[in-house]
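Encoded as structure tokens, the structure appears first; notes follow it.
The values are calculated or read from the model by the stated rules, or taken from the named source; none is laboratory data. Computed from a prediction, not measured in an experiment: that's the story for all the values here. Every residue, glycine as well, gets a Cβ built from its backbone with ideal geometry; the counts of neighbours run over all protein chains shown. With ligands, DNA and RNA removed, areas are computed over all heavy atoms of the protein, side chains included. Shrake-Rupley method; radii C 1.70, N 1.55, O 1.52, S 1.80 Å.
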Amino acid sequence: MDLKHIRNFSIIAHIDHGKSTLADRMLEITHTVPERLMRDQVLDSMELERERGITIKMQPVRMEYGLGKEKYVLNLIDTPGHVDFSYEVSRALKAVEGSILLVDSTQGVQAQTLTTLAMARGGGNDKGRKIIPVLSKIDSPLARVSEVKEEVIKLLNCDPEEILLVSGRTGEGVDNLLQEIIKRVPAPAENYKYKEENKNDNILSALIFDFKYSNHRGVIVFVRVLDGKVKKGDNLIFAVSNEKFTALEVGTFSPEETARESLSSGEIGYIVTGIKKPGIASVGDTITKAVFPLPALSGYMQPMPVVWASIFPEDADDFALLKLSLGKLKLSDSSFSFEEESSGSLGRGFRVGFLGMLHLEIITERLKREFNLNLVITTPSIVYEVERNNPSTSSGQAGKREKIYSPYFFPDDGEIKTVFEPWVNIKIITPVQYLGNIMQILFDHEGEVGETENFGDNRSSISVKMPLRELMRNFFDELKSTSSGYGSISYDIAENREANVTRLDVLVADEPVPAFSKVISKKRVEIEAEQSVLKLESLLPRQMFTLKIQGKALGRIISSRTLSGMKKDVTAHMYGGDITRKMKLREKQKKGKKKMKERGRVNIPQDVFLKMMRSSND
Ligand SMILES: Nc1nc2c(ncn2[C@@H]2O[C@H](COP(=O)(O)OP(=O)(O)OP(=O)(O)O)[C@@H](O)[C@H]2O)c(=O)[nH]1
Ligand SMILES: [Mg+2]
């Protein structure tokens with residue numbers, strides 16, 4: 001394929017700004033997907049994507065487009081907009097020369113617009129990509145095209161004429177957009193260093209930007225070929241992991257895998273490796289030829305997990321299956337990390353790091369659905385680093401920081417010398433009129449407000465630093481409600497700082513329930529203890545006996561409630577009859593209750609755990 005006729009681009013935007021719908025129209029215009037197979041957001045092919053109406057994984061697709069007498073290959077990569085999946089965006093970007101920055105004309109520039117733009121421009125050694133600003137949803141009666149245009153001009157410092165208008169719903173402007181992509185996005189460049197060798201077909205340098213796993217064909221790597229050529233039967237090698245394999249098939253995405261003769265410089269496609277062992281291929285690795293190995297390209301940073309939870313098989317016999325499943329899942333989502341762990345009561349399992357709560361939900365749901373596993377998932381938590389007063393009581397030495405992944409294992413206050421916790425850099429975008437109220441919630445969440453910038457007519461962006469703990473304390477929902485839904489947020493993990501926090505336990509019938517323990521700011525001990533107890537009181541079904549619910553922190557009971565028992569009389573249905581029999585039954589009932597009480601066997605339904613985990617206000 002002639003490089004001059006290839007264009008590689010991604011669509012990037014805030015969540016729901018219409019990326020996948022725009023891709024639909026492009027696929028129609030280029031006749032890439034037959035009409036009978038067309039459906040809304042056709043690139044969102046995963047069951048969970050369709051159910052939730054969001055994109056979770058990036059999806060590459062190859063389109064052909066004729067312009068005048070010339071025929072072009074347009075490789076599009078649709079990306080997710082949700083902040084939890086921005087690792088997908090960053091990987092997709094390394095495979096392309098340009099990006100459509102899509103801005104919903106009914107919403108305007110949002111926080112994730114800025115983040116994805118910054119990613120596309122690239123920092124450090126990363127060469128910048130051509131950005132094409134496009135306003136979407138111009139068909140909508142709520143579209144504010146001229147205002148949003150102003151915002152984009154301010155953001156990019158561009159000419160008004162550079163901004164294109166489209167509707168993914170009606171298709172207006174999409175054909176023109178394809179032509180502009182050909183004009184504006186540079187064709188892939190050749191690396192002249194290897195030009196000589198290129199002639200004898202011995203050269204290959206291909207960046208792995210994604211992969212998936214097939215039970216029959218093993219690992220299928222998604223690559224952007226930077227130099228040379230690859231075809232079926234070639235002997236290849238991973239430059240980093242140094243593992244050899246033979247290409248069983250090569251091809252492109254239409255959007256499903258379609259075999260081709262070869263893939264060459266500038267193209268985006270896949271290579272079937274046949275490798276069934278997890279852990280060999282990783283995103284960011286380079287595929288090159290065994291006969292003439294080229295150096296590894298600069299790969300990807302492994303993303304920092306934001307929340308952690310432990311996952312155990314409900315049935316201990318499923319441990320091996322869970323291990324295998326995590327390995328396989330990692331081959332279609334390289335952004336989570338896991339390590340083995342064992343817990344006294346739950347047995348062997350894994351501690352898993354996720355990029356956010358939605359990511360956690362998606363991964364655990366996929367494990368259940370795609371691998372048929374019944375799982376016990378512990379309360380998600382961020383990770384704290386603790387230095388103990390007296391390290392001899394623990395495994396660590398003096399000055400050593402110990403990572404605490406679960407609030408239940410957070411040491412008692414007296415044992416702690418110093419605690420460190422992760423902070424985040426936050427960007428908030430909001431209409432100016434909500435600034436006052438937002439400042440209030442920022443204060444309440446220990447936010448350190450940095451720069452505030454105005455752009456467009458009446459919008460501001462605020463840079464804030466905040467403990468991750470406070471971001472997770474319902475900050476998203478509070479921001480949404482204080483800004484009537486107009487405020488948007490993006491964040492990334494920053495440095496660790498010293499923290500003034502402690503563990504709050506919730507006791508039911510005098511027993512702490514591990515899943516309800518939390519690490520909270522010492523300043524909020526009273527409020528949090530009261531809230532947790534009240535919430536549990538409202539959620540817990542009444543038991544046969546009277547039950548105490550208590551909040552305990554810093555070595556004392558801070559709040560307490562009593563849930564009165566049900567007065568269920570087991571003799572009520574017996575009319576008349578023998579009084580001694582009634583007495584016997586009552587006696588039995590009393591004993592049973594006492595036993596239950598002693599064992600602290602309170603029945604806490606699963607949904608109570610889930611509701612307790614969610615924010616305190618719902
Ligand atoms: N009126 C109108 N609605 C649109 C248009 N494009 C998309 N939508 C609607 O906007 C919503 C989001 O569309 P998607 O295409 O899924 O947005 P997305 O950017 O791919 O979303 P994520 O991938 O989850 O970030 C859907 O309800 C679409 O029907 C458009 O041009 N006009
Ligand atoms: Mg989408």
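Taking the range 99-117 as the range and being open to solvent by less than 10 Å² (accessible area, probe 1.4 Å), within 10 Å of ligand 1 (Cβ to nearest atom) and in contact with a Leu (Cβ under 6 Å, 6 or more places away or on another chain) as the test, only Ser105 passes. Is it true that Leu236 is closer than 30 Å to Lys130 by Cβ and either of a type in the set (A, V, I, L, M) or open to solvent by less than 10 Å² (accessible area, probe 1.4 Å) (or both)? Taking the combined requirement at face value, the residue does not satisfy it.
Between Ala247, Ala259, which is closer than 28 Å to Ala187 by Cβ and either surrounded by fewer than 21 Cβ atoms within 10 Å (Cβ to Cβ) or modelled with pLDDT under 90 (or both)? Exactly one residue qualifies, and that residue is Ala259. Being touching a residue at least 12 places away in the same chain (Cβ under 8 Å), within 16 Å of ligand 2 (Cβ to nearest atom), over 23 Å from His359 (Cα atoms) and open to solvent by less than 30 Å² (accessible area, probe 1.4 Å) is a condition met by no residue of the range 77-98.
For the range 61-76, how many residues meet the condition of being hydroxyl-bearing (Ser, Thr, Tyr) and crowded, with 24+ Cβ neighbours inside 10 Å?
So the count comes out to 0.
Please indicate, with yes or no, whether at least one residue in the range 451-468 is of a type in the set (Lys, Arg), under 20 Å from the mean Cα position of the chain (by Cα) and open to solvent by 20 Å² or more (accessible area, probe 1.4 Å). No, that holds for no residue.
Applying the condition of being open to solvent by 70 Å² or more (accessible area, probe 1.4 Å) and at pLDDT 90 or above to the range 539-553 and asking which residue is nearest to Glu415 (Cα to Cα) yields Lys552. Being within 29 Å of the chain's Cα centre (by Cα) and buried (at least 17 other Cβ atoms within 10 Å of the Cβ) is the requirement here; does Val283 meet it? Yes: the conditions hold for Val283.
Condition check for Met439 on (1) surrounded by 17 or more Cβ atoms within 10 Å (Cβ to Cβ); (2) aliphatic (A, V, I, L, M); (3) in contact with a strand residue (DSSP E or B) (Cβ under 9 Å, 6 or more places away or on another chain): one failure, at (1). Could you grab me the full set of residues in the range 1-60 that are surrounded by 20 or more Cβ atoms within 10 Å (Cβ to Cβ), small (Gly, Ala, Ser) and near ligand 2 (Cβ under 9 Å from one of its atoms)? Across the range 1-60, the qualifying residues are Ala13, Gly18, Ser20, Ala23.
Answer with yes or no whether Arg184 is under 31 Å from the mean Cα position of the chain (by Cα) and modelled with pLDDT of 95 or more. No: the conditions fail for Arg184. Filtering the range 67-106 to residues that are under 29 Å from Gly485 (Cβ atoms) and β-branched (Val, Ile, Thr) leaves Thr79, Val83, Val89, Ile100, Val103, Thr106.
In the range 482-504, the residues that are closer than 17 Å to Arg524 by Cα form Cβ pairs under 7 Å with partners that are open to solvent by 30 Å² or more (accessible area, probe 1.4 Å) and outside any strand (DSSP E or B), at six or more places apart or across chains, as follows: Asn500/Lys522; Val501/Lys522; Thr502/Asp413; Thr502/Lys522; Thr502/Leu554.
I'm checking my understanding of the structure. Among residues of the range 6-22 that are out of contact with any Gly (no Cβ under 7 Å at 6 or more places or on another chain) and over 9 Å from Pro188 (Cα atoms), which one is farthest from ligand 1 (Cβ to nearest atom)? Per the stated criteria, the residue is Ser10. Is it fair to say Lys154 is open to solvent by 60 Å² or more (accessible area, probe 1.4 Å) and either modelled with pLDDT of 95 or more or within 18 Å of Asn454 (Cα to Cα) (or both)? For Lys154, the condition - open to solvent by 60 Å² or more (accessible area, probe 1.4 Å) and either modelled with pLDDT of 95 or more or within 18 Å of Asn454 (Cα to Cα) (or both) - is met.
Of all the listed residues (Arg121, Arg169), the sole one being free of Cβ contacts under 8 Å to residues at least 24 places away in the same chain, of a type outside the set (Asp, Glu) and surrounded by fewer than 19 Cβ atoms within 10 Å (Cβ to Cβ) is Arg121. For the range 80-88, the count of residues that are modelled with pLDDT of 95 or more and either of a type in the set (Val, Ile, Thr) or more than 12 Å from ligand 1 (Cβ to nearest atom) (or both) is zero.
This table checks each residue for (1) over 30 Å from Gly414 (Cα atoms); (2) in contact (Cβ under 8 Å) with a residue 24 or more places away in the chain; (3) open to solvent by 20 Å² or more (accessible area, probe 1.4 Å).
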site	(1), (2), (3)
Leu326	yes, yes, no
Phe336	yes, yes, no
Leu346	no, yes, yes
Lys368	yes, no, yes
Glu385	no, yes, yes
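Considered as a group, the residues in the range 419-435 that are of a type in the set (S, T, N, Q) and assigned to a strand (DSSP E or B) include one that is surrounded by the fewest Cβ atoms within 10 Å (Cβ to Cβ), and that residue is Asn425.
Report yes if some residue within the range 391-401 is touching a Ser or Thr at 6+ places or on another chain (Cβ under 6 Å) and either closer than 26 Å to Asn496 by Cβ or of a type in the set (Lys, Arg) (or both); otherwise report no.
no
Considering the range 300-315, the residues that are in contact (Cβ under 8 Å) with a residue 60 or more places away in the chain and more than 30 Å from Met466 (Cβ to Cβ) include one that is most open to solvent (accessible area, probe 1.4 Å), namely Glu314.
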